[in-house]
Structure formats: structure tokens, C-alpha cells
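Let me begin by presenting the structure, written as C-alpha cells, before commenting on it.
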Amino acid sequence: MLSFDVKGKAQRARTSNARTAVTVKGTPVKRSDLKAGMNCSIIYQGSGTEASNVTC
């Protein structure tokens with residue numbers, strides 16, 4: 001589960017190994033490679049939904 005703020009509101013998004021594309025510096029990585037404090041863009045439908053893309 002990813003936790004982050006959007007315009008001061010707490011948001012959460014789930015990730016899936018199969019359905020969520022995760023990249024760091026343009027390289028595909030596993031979701032376990034995401035660490036707290038990373039600056040990422042997240043594509044998701046709303047708080048509590050599954051992210052389709054995480055780019056850091």
C-alpha cells in the first residue's frame with residue numbers, strides 16, 4: 001500500500017505485481033524496490049484503489 005498526500009489530503013493506493021507498472025529512473029523495477037521518501041508520480045483512480053502506474 002502506498003501512502004501519500006495530494007493537496008494536503010492523505011491518499012492511499014494499492015500496487016499489484018502483475019497490473020501496476022513501476023519504474024525508477026526509467027528502469028522497470030519490482031514494487032518492493034519502492035522506498036519511503038521517493039519522489040514519484042502515481043496514476044490511480046482515487047484513494048484506496050489500485051495504482052496502474054508508479055514512476056519515480
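The values are calculated or read from the model by the stated rules, or taken from the named source; none is laboratory data. It should be emphasised that the depicted structure is a prediction, and the values quoted were computed from it without experimental measurement. All Cβ positions, even for glycine, are placed from backbone atoms using ideal geometry, and neighbour counts span all protein chains on display.
Among the residues making up the stretch 20-56, those that are touching a helix residue (DSSP H, G or I) at 6+ places or on another chain (Cβ under 9 Å) and either over 21 Å from Gly8 (Cα atoms) or among the charged types (D, E, K, R) (or both) are Thr20, Val22, Val24. State the number of residues belonging to the stretch 23-52 that are of a type in the set (A, V, I, L, M) and touching a Cys at 6+ places or on another chain (Cβ under 8 Å). Selection size over the stretch 23-52: 3. Picking from residues in the stretch 35-56 that are surrounded by 15 or more Cβ atoms within 10 Å (Cβ to Cβ) and either at pLDDT below 95 or hydroxyl-bearing (Ser, Thr, Tyr) (or both), the one that is farthest from Val6 (Cα to Cα) is Ser52.
Restricting attention to the stretch 17-29, which residues are loosely packed, with under 12 Cβ neighbours inside 10 Å and either of a type in the set (A, V, I, L, M) or modelled with pLDDT of 95 or more (or both)? Ala18, Arg19, Lys25, Gly26, Thr27, Pro28 - these are the residues of the stretch 17-29 that are loosely packed, with under 12 Cβ neighbours inside 10 Å and either of a type in the set (A, V, I, L, M) or modelled with pLDDT of 95 or more (or both).
Each residue in the stretch 1-26 was checked for being among the aliphatic types (A, V, I, L, M) and over 19 Å from Gly37 (Cβ atoms), and 2 of them qualify.
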